[in-house]
Amino acid sequence: MSLATHRLQSSATSFDGLKTIIRGNSVWLLAIAFAIFFSLQSAFFLTPFNISNVLTQCVFVGLLAIGMTPVVISGNIDLSVGAVVGLTACIVVALQPYGLGVAVLAALAAGLLVGLVNGLIVEKMGISSFIVTLAMMSGIRGLTFLAIGDISLSSTDDRLNTFAMLAIGPISIVVVLFAALAAIVGVVLRFTSHGRNTYAIGGNRSAAVDAGIAVSRHVIANFALCGLMAATCGIAMAANLGAAAPSFGRDYELLAITAVVLGGTRLQGGKGGVAGTLGAVLALAILRNGLNLLRVSPFYIPVVVGLVLIMALVLDRRVNRQAMRHGE
Amino acid sequence: MLDRRVDEDRSRECIAAAAEPLMRIRCIAKAFPGVRALGGVNLDIFAGEVHALCGENGAGKSTLMKILAGGIRPDEGEILHSGAAYEPKNPRDARNSGVVLIHQEMSLAPDLSVAENIFLGSLPCKWNGMIDRRRLNDDAARALKACGYDIDPAARAGDLPIARQQMVEIARATAFPCSVVIFDEPTATLTEAEAESLFRTIERLRKNNVAIIYISHKMKEIFRLSDRISVLRDGETQATLRTADADEAQVMSLMIGRTLDRRPASQRKFAGNQVLAVSGLSSPDAFEDVSFTITEGEILGLYGLVGAGRSELAEAIFGLRQANGALLWQGRPVTVRRPRDAVALGIGLVPQDRKKQGLVLGAGGRENVILANLAKLSAWGLLRRAKAAALYSEFAERLRLRSASPTTAVVTLSGGNQQKVVLAKWLATDPRLLILDEPTRGIDVGAKDEVYKIIRELAGSGMAVLLISSEMPEVLGLSDRIVTMHHGRLTGEFRGGEVGEEDLIRAVMSADHDRRSKPAVAV
């Protein structure tokens, strides 16, 4: 059930190669199709302002989805990322009186810590990550509300907001940072032994154990990375809006998982990658933005997203049935 | 392939050359909840020998191998490897000591490349932490070539056919210095040509002075490959024989160690009502043109090796698998599209893998028995608890089920008692035909005899029983009639009591050369 599988094919003719490329990046084709459709429907779609808008919309869910991808590939899930966004956004704003550097570092440390704790409980206690991170999500959200109250905090240090407003042409600095982080995670997954071990763990955990891979360490590292990315998202969100509230990031974990799955990462692990997730994030952002431009009621948008997800997976299963039969 | 190699000189030579065994296994014991898997195993393994390990299912071979490969730790006993104590904590420890196990089930990560799988756990890295792909692929190509395999190191492991995946595993085992390689029923899923190439690999390993422990049920392979044979029975070593001095009958009798009482019932004539007639049943990739009948009170044995299509046939009759052909149920044509249809007719299936297919492991015995009988235990859609409890106790008593309480999770029961829960579940549906797929797999000897007794009682009460088994004594001892299956076809039919082991072996070896589905692998 993958939409963006990277397949290593040894003896591919150029036609097969083309087919592989199309199959391996079908979610990017979907994004392009959406872009073409909406640019025909709305003259405003391809304006620099709107493009910049779409890209910025990508960033927040994108950061979470990129962090989530290695966790899912290793066969786990992290539902706590949305709550971490709320927590870290509040930390980075509330601690500004102690200095901006302290505030940012504290927020990052908080995200890292949550990720580490998630990973440690999952691995050392052997409890399913779904349960662990569900509890973490609920606990962190509650604690953030207890500490801050149901209010929003205004940023007192302008530097954060000013930084977020920097742009290279129509491209915001936040988008550039996001792209860089995505590239790093992508390279780690594809080209380092931590990345390859992550695939091995998700694909066949007992084989990974037998091969002497320190399975727990890799799984915990992925959770920590995921927490760190969630903290980055929280900081970026607070910077972008110049404010923070405990409710930040609510439901974002589900949007992130939607993007990861649409991007072809297998929820049982072992398969997937950052490129697919990135394409899915972009496709979903274009869809959202386009439907807004066409003045479709905002209540329809989640419905459409749900339909796209199901249809994409059904279609993908059809296309890959032959391959799956061979593989299993 | 049937020619028996009697290479006496070589086998003597190798044992004389290595007067000191490479691996000394002494008094190894291991118990699992409810089952004593090993109770005192002694083995000496020499460098450069192929040491075959025989034993019935449940004799403890797999447990012993897992202990050697670091998967589990023994309760008692000691192992010496090259004179030093050998106590691997995990598979990595074992591998570092040069001991590797080639698994019965494939253990590759399907989405990694062949090369990545070979060097999994020790991928070569460059200075910047990136994987050194060129070196990885070169090293993998070298490891594959050393084994004589022509496999692209960059191919995705999951895309390879099973036989080639096994080759990757062997290349992985031998890419590092190794002194003991354990093969656990390596040919179970291979075609003959594929097996031949495996044998060549084993020969090569032996020449490199590697000790090979070879587990198999197939006598011809054992006699062809091995230098010595050890027989395990009920968790103990029975004997170690020099292959050149042994014959199949001797090994068989050591494995079985007991004779099942052959009942005179096998002489019974079955003029009773036909329960099921199967004619021309085929299912792609599983079996072809299968026809047989079974009558009331009859035990029909279906003998064949693993992979012959027996379980698939059972699944087709039970509606779990699509098949073309005709089923006559008590003389009337029927179609069975899903298990519910089969249950409604009066067919029960005790599946091969009771933990995966037969039981809800976390639930109690009573819950499990209720599962297949909900309709008759319910009124207005609600379960009648008293009725359910009565049904459970009736069958628990009849089958002599030993469980602390009706709600004790079945996962904590011994294999034999678990199997009785599955039996109870199906017997409670009051079937006319009971299909038993490997009913005594993984249960210990005492429990086996009880299961046999139950099967006989059932047949005595008029139930038709289709007994699928790869354990020859079981089939011979219980069946009124036996059909043999090989490569998806029925290859023979025998009357119980008139047939011996030889006949069955011949029937499942016959017609071996024409209908090969898979192409030969060039090596």
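Some notes on this structure:
- Average partner coverage of A:189-197, which counts Cβ from other chains inside 10 Å: 6
- Sorting B:205, A:309 by solvent-accessible area of protein heavy atoms yields A:309, B:205, largest first, with a 1.4 Å probe.
- Ranked order, A:282, B:300 - accessible area, probe 1.4 Å, largest first: A:282, B:300
- The stretch between residue B:193 and residue B:375 holds 60.4 nm of extra length on full extension. This uses 0.36 nm per residue minus the Cα-Cα distance.
- Heavy-atom surface of chain B, accessible at 1.4 Å and reported per residue (Å²): 43 Å²
- Bridge type composition, chain B - antiparallel percent by DSSP, nearest 5: 55 percent
- Peptide B:126-133 has a mean shielding of 3, counted as Cβ atoms of other protein chains within 10 Å of each residue's Cβ.
- Proportion of all alpha-carbon pairs of the protein assembly as shown beyond 49 Å (%): 32 percent
- Heavy-atom accessible surface of residue B:81, to the nearest 10 Å², is about 20 Å², with a 1.4 Å probe and all protein chains retained.
- Segment B:108-176: radius of gyration over Cα atoms, expressed as a fraction of 2.2 N^0.38 Å: 1.02
- Exposure of residue B:24 as accessible area (Å², to 10), given a probe of 1.4 Å and all protein chains: 70 Å²
- With a simple spin-label model that places each label point 7 Å from the Cα along the Cα-to-Cβ direction, the separation between residue B:85 and residue A:176 comes to 6.3 nm.
- Once C-alpha pairs closer than 8 Å and six or more residues apart are averaged by separation and normalised to the residue number of chain A, the relative contact order reads 36 percent.
- With N counted as the residues of segment A:97-185, its alpha-carbon radius of gyration over 2.2 N^0.38 Å works out to 1.41.
- With eigenvalues of the C-alpha gyration tensor scaled by 5 and rooted, segment B:274-409, Å: 31, 18, 14
- From the largest down, chain B spans 71, 51, 44 angstrom on the principal axes of its Cα atoms.
- Rounded FRET efficiency, nearest 0.05, which uses the C-beta distance separating residue B:361 from residue A:183 and R0 of 45 Å: 0.50
- Computed over segment A:139-179, Kirkwood Rh from alpha-carbon pairs, angstrom: 12.7 Å
- P(r) of segment B:51-137 over all Cα-Cα pairs, binned every 5 Å from zero, in whole percent: 3, 11, 17, 19, 16, 13, 10, 7, 3, 1, 0
- Figure note: B:87, B:185, B:457 ranked by solvent-accessible area, largest first, 1.4 Å probe, ligands and nucleic acids not counted: B:87, B:457, B:185.
- Principal semi-axes in Å for segment A:206-328 [√(5λ), Cα gyration tensor, largest first]: 30, 25, 10
- Over segment B:283-509, equivalent-ellipsoid semi-axes from the Cα gyration tensor in Å: 29, 21, 15
- The heavy atoms of residue B:329 present about 10 square angstrom of accessible area, all protein chains included, probe 1.4 Å.
- To put it simply, the accessible area of segment A:250-318 at a 1.4 Å probe is 68 percent carbon and sulfur.
- Antiparallel content of DSSP bridges confined to segment B:283-509, in %, to 5: 40 percent
- The protein assembly as shown - mean residue ellipticity at 222 nm from DSSP helices (-39,500 (n - 2.57) per run, n ≥ 4, rounded to 500): -15500 deg cm²/dmol
- In this simple spin-label model, placing a label point 7 Å from the Cα along the Cα-to-Cβ direction at both residue B:146 and residue A:206 gives a separation of 2.7 nm.
- Segment residue B:291-residue B:250, extension gain: residue separation times 0.36 nm, minus the distance between their alpha carbons: 11.2 nm
- With contacts taken as Cα pairs under 8 Å and at least 6 residues apart, segment B:108-176 reaches a relative contact order of 45 percent.
- Estimated inter-spin distance, residue B:495 and residue B:402, nm [label 7 Å along Cα→Cβ]: 4.0 nm
- Base-10 log of normalised Debye intensity for chain A (one unit scatterer per alpha-carbon) at q = 0.07, 0.11 Å⁻¹: -0.29, -0.71
- In this structure, residue B:72 and residue B:324 have a Cβ-Cβ separation that, at R0 = 51 Å, corresponds to a calculated FRET efficiency of about 0.70.
- q = 0.20, 0.22 Å⁻¹: log10 I(q)/I(0) that the Debye formula gives for segment B:40-83, counting C-alpha atoms only: -0.77, -0.93
- Area hidden from solvent between B and A (accessible, protein heavy atoms only, 1.4 Å, total, Å²): 2200 Å²
- Other-chain or far-sequence residues with amide H under 5 Å of residue B:301's (modelled H): B:467, B:480, B:481, B:482, B:483
- Residues of segment A:200-236 that lose at least 30 Å² of accessible area (1.4 Å probe, protein heavy atoms only) when the other protein chains are present, relative to their chain alone, are A:200, A:204, A:207, A:210, A:211, A:212.
The values are calculated or read from the model by the stated rules, or taken from the named source; none is laboratory data. Keep in mind that what you see is a predicted model, and the values were worked out from it rather than measured. Because the Cβ atoms are built from the backbone with ideal geometry, glycine has one as well, and the counts that use them run over all protein chains shown. For accessibility, only protein heavy atoms count, side chains too; no ligands or nucleic acids. Shrake-Rupley method; radii C 1.70, N 1.55, O 1.52, S 1.80 Å.
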